[in-house]
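Asks: Structure below; questions to follow.
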Amino acid sequence: TMFRMRPPVDAGQKHFGATMCKSCGMIYTASNPEDELQHVQHHHRFLEGIKYTGWKRERVVAEFWDGKIVLVLPHDPSYAIKKAEEVQELVDNELGFQQVVPRCPNKTKTFLFISDEKKVVGCLIAEPIQQAFRVLSEPTSPESPSSKECHRAWRCSNVPVPAVCGISRIWVFRFKRRKRIARRLVDTLRNRFMFGCFLSTNEIAFSDPTPDGKLFAAKYCNT
Ligand code: ACO
Ligand code: ZN
């Protein structure tokens, strides 16, 4: 299932006097020092990735030949929470999300895929939900003027279907895509979200998917 959890992002939104960085894609106002600082930070993380040096008490929930998955929970020590927030900031900037406050912050689970080079190369943020609204196929009129800008504004059904787990974000570092990192994150989530059971693909829902997210989710749920 793909569902909506937040209002559509206005992708066509133009900030007055703003520029878009050609390397990292961030839209910012160069004349605004705060904006500029945010850009410099995002730019670096976007290209270099986020380092992960390891914690004494880390919760490793899966291990692979090319890395491992660490789970961060809401009441973890602040160094773990800070790392999860840093990753979420990068992901949100990349996806163009405004800061979204989770509905049950004390129930959010963050899965980080750590590469052998000690970098965070994947992230999945999940939270419990009760219901989801199926995303309908895209409107058929092929050349609606704003179809490109509204590529995220999927229409969705107003009939709720039961669901258990909502994936609010899934992201893989640009240079590590198509190596099944997202797949392994979702597999691990299904195994770990509720104690003692493996969630079926019907019980998980992808929130407000991007085109990449939609392709991945469609493929994942069919296999
Ligand atoms: N185009 C077509 N098919 C795809 C794509 C794509 N961009 N991405 C994944 N798939 C399909 C493929 O069939 C793939 O298998 P294959 O490589 O053997 O053909 C299968 O899904 C599994 O893909 P993974 O390798 O596990 O996916 P990946 O690790 O590359 O991560 C992701 C996919 C997370 C969507 C990544 O492209 C990404 O981070 N994109 C930018 C951020 C984004 O848009 N995230 C989704 C937001 S929606 C949300 O958060 C709920
Ligand atoms: Zn940049």
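The values are calculated or read from the model by the stated rules, or taken from the named source; none is laboratory data. These numbers were taken from a predicted model, which means no experiment stands behind them. All Cβ positions, glycine included, derive from the backbone under ideal geometry; neighbour counts span all protein chains shown. Side chains are part of the model used for accessible areas, which takes the heavy atoms of the whole protein and leaves out ligands, DNA and RNA. Shrake-Rupley method; radii C 1.70, N 1.55, O 1.52, S 1.80 Å.
Asks: For region 53-70, give me each residue that is out of contact with any helix residue (DSSP H, G or I) (no Cβ under 6 Å at 6 or more places or on another chain) and surrounded by 21 or more Cβ atoms within 10 Å (Cβ to Cβ).
Replies: Residues satisfying the conditions are G67, V70.
Asks: Now for a different question. Quick check, is W154 open to solvent by less than 40 Å² (accessible area, probe 1.4 Å) and modelled with pLDDT under 85?
Replies: Judged against the criteria, W154 is a match.
Asks: For the subset of region 18-54 comprising residues that are closer than 22 Å to K83 by Cα and part of a strand (DSSP E or B), which member is farthest from ligand 1 (Cβ to nearest atom)?
Replies: Among residues in region 18-54 that are closer than 22 Å to K83 by Cα and part of a strand (DSSP E or B), the one farthest from ligand 1 (Cβ to nearest atom) is K51.
Asks: Something else about it: Suppose we keep only residues that are open to solvent by less than 30 Å² (accessible area, probe 1.4 Å) and among the aromatic types (F, W, Y) within region 182-211. Which one would you say is farthest from the chain's Cα centre (by Cα)?
Replies: Ranking the candidates gives F193 first.
Asks: Restricting to region 22-39, give me the number of residues that are closer than 20 Å to Q88 by Cα and either touching a strand residue (DSSP E or B) at 6+ places or on another chain (Cβ under 6 Å) or surrounded by 14 or more Cβ atoms within 10 Å (Cβ to Cβ) (or both).
Replies: 7
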